[in-house]
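Asks: The structure under discussion is supplied below as structure tokens; questions concerning it will follow.
Only the coordinates and a few stated rules stand behind these numbers; no lab work does. The structure presented is a predicted model; accordingly, all values stated were derived computationally and were not measured. Ideal geometry is used to build each Cβ from the backbone, glycine not excepted, and the neighbour counts take in all protein chains shown.
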């Protein structure tokens with residue numbers, strides 16, 4: 001595996017290796033890669049985008065319930081989102097594992113695996129974060145009588 005190079009084919013880089021000294025090359029077999037159809041890719045990307053939208057709706061709903069001013073809640077939710085996004089942005093591309101729901105805003109990159117998170121982990125993180133925010137919001141609504 002000394003002579004591994006990347007070949008540009010359409011939008012992907014496929015690693016290949018030289019078998020011998022001649023110019024014949026073979027693609028490397030990678031056991032940890034699953035190829036999915038384009039329609040499944042679009043459906044999964046849409047699903048993760050919907051999950052992120054649900055998380056953001058629950059987050060903004062909780063911020064607007066706690067802060068009873070429209071402009072103040074808009075400013076606070078934008079500032080909190082921006083703060084968490086920039087704090088956890090290095091986890092998107094480094095060797096760390098991304099577990100922050102604020103950085104899972106691109107469903108297509110989650111499905112492609114380029115956001116340092118698997119699809120199952122993104123589903124669990126976005127789902128549980130949304131449920132927790134909704135439960136806290138419902139509890140706050142009941143406490144305030146809204």
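Asks: Once the Cα atoms of region 36-79 are picked out, what are the Rg and Dmax in Å?
Replies: Calculated on Cα positions, Rg and Dmax stand at 15.2, 47 Å.
Asks: Quick check on packing: order 43-50, 84-91, 137-144 by the mean number of other C-beta atoms within 10 Å, highest mean leading.
Replies: Averaged packing, sorted descending, gives the order 43-50, 84-91, 137-144.
Asks: Give the value in nm², to one decimal: projected area of the alpha carbon convex hull of region 38-144, averaged over all directions.
Replies: The directionally averaged projection comes out at 7.0 nm².
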